[in-house]
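K.L.:
Sending over a structure as structure tokens; questions will come in a sec.
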Amino acid sequence: FNQTLVTTGRLSSNNPNLQNIPIREERGREIRRAFIPSDKDHAFLSADYSQIELRLMAHLSEDENMISAFMKGEDIHTATASKVYNIDLKDVTKEMRSKAKTANFGIIYGISSFGLSQRMRIPRKEAKELIDGYFLSYPGVRQFMDECIKLAMEKGYVETMFGRRRLLPDILSRNQVVRGNAERNAINTPIQGTAADIIKIAMVNIHRTLKEQN
């Protein structure tokens with residue numbers, strides 16, 4: 001496991017890359033069966049946070065609609081589809097939820113209408129309408145993203161909630177592609193980096209608790 005290889009702070013692993021073994025296809029499931037605990041006194045623990053990056057976006061952006069969806073215990077992708085398509089939660093179709101899910105994760109990382117259209121295999125015009133509808137539904141998210149870019153331009157870096165910094169010297173580049181990439185990282189890092197910090201802190205706390213309680 002690599003502690004300091006990924007710029008956002010996430011753990012990565014190699015030889016083998018345990019985090020990238022697919023579970024949706026038969027071959028991947030077969031490979032996963034090869035990993036077993038060393039003996040009967042050991043076990044694998046699988047734990048995950050539910051929608052942690054979207055919850056962090058709700059927290060950091062203070063967007064009332066997004067916070068409200070989480071506080072009510074709604075499925076965030078269904079709630080997003082309901083807002084974007086302006087329909088009741090009960091009328092959201094599987095396809096609408098799927099599109100909202102792709103939008104949720106794409107848009108919070110600064111994806112363009114072109115990028116979203118490619119990912120969702122939809123016309124660019126439809127992707128633009130989806131993004132516009134998203135920001136109308138969650139205006140706080142748009143404001144937060146603009147603020148991240150502004151702060152990065154002023155300081156030359158962005159931070160996670162725990163104060164871990166990522167330098168972004170390219171944020172002032174005259175090359176539009178290079179600058180655009182830095183802008184996406186300015187939005188991405190506070191969210192993904194904070195999620196990585198929380199996961200690592202949790203792992204340390206779990207380890208400590210297991211030892212203390214034997």
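K.L.:
Cβ contacts < 9 Å: first residue of a type in the set (Phe, Trp, Tyr), restricted to the range 27-51; second residue open to solvent by 100 Å² or more (accessible area, probe 1.4 Å), any location; separation 6+ or different chain. Result?
P.N.:
Phe35/Phe44; Phe44/Ile36; Tyr49/Arg55
K.L.:
Follow-up question, since we're still on this one. Which residues, taken from the range 160-196, are in contact with a Ser or Thr (Cβ under 8 Å, 6 or more places away or on another chain), outside any helix (DSSP H, G or I) and closer than 17 Å to Met57 by Cα?
P.N.:
Matches in the range 160-196: Thr160, Met161, Phe162.
Table: residues versus (1) open to solvent by 10 Å² or more (accessible area, probe 1.4 Å); (2) among the acidic types (Asp, Glu); (3) outside any helix (DSSP H, G or I); (4) under 24 Å from Arg179 (Cβ atoms).
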{"residue": "Ser98", "(1), (2), (3), (4)": "yes, no, no, no"}
{"residue": "Ala103", "(1), (2), (3), (4)": "no, no, no, yes"}
{"residue": "Tyr109", "(1), (2), (3), (4)": "yes, no, yes, yes"}
{"residue": "Leu116", "(1), (2), (3), (4)": "no, no, no, yes"}
{"residue": "Ile122", "(1), (2), (3), (4)": "yes, no, yes, no"}
{"residue": "Ala127", "(1), (2), (3), (4)": "no, no, no, yes"}
{"residue": "Tyr134", "(1), (2), (3), (4)": "no, no, no, yes"}
{"residue": "Gly140", "(1), (2), (3), (4)": "yes, no, no, no"}
{"residue": "Met145", "(1), (2), (3), (4)": "yes, no, no, yes"}
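Residue-wise test of (1) under 22 Å from Ile199 (Cα atoms); (2) modelled with pLDDT under 90.
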{"position": "Ser38", "(1), (2)": "no, no"}
{"position": "Arg55", "(1), (2)": "yes, no"}
{"position": "Glu74", "(1), (2)": "no, no"}
{"position": "Arg121", "(1), (2)": "no, yes"}
{"position": "Ala127", "(1), (2)": "no, yes"}
{"position": "Pro139", "(1), (2)": "no, no"}
{"position": "Phe144", "(1), (2)": "no, no"}
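K.L.:
Going through Asn188, Asn181 one at a time, which residue ends up being of a type outside the set (D, E, K, R), under 18 Å from the mean Cα position of the chain (by Cα) and either over 20 Å from Ile76 (Cα atoms) or exposed (fewer than 15 other Cβ atoms within 10 Å of the Cβ) (or both)?
P.N.:
Working: Asn188 fails: either over 20 Å from Ile76 (Cα atoms) or exposed (fewer than 15 other Cβ atoms within 10 Å of the Cβ) (or both).
None of the others qualify; the one that does is Asn181.
The values are calculated or read from the model by the stated rules, or taken from the named source; none is laboratory data. Quick caveat, the model's predicted, so the values are computed rather than measured. Cβ atoms come from the backbone with ideal geometry, glycine included; neighbour counts cover every protein chain shown. Please note that ligands, DNA and RNA were not included when accessible areas were found on the heavy atoms of the full protein model with its side chains. Shrake-Rupley method; radii C 1.70, N 1.55, O 1.52, S 1.80 Å.
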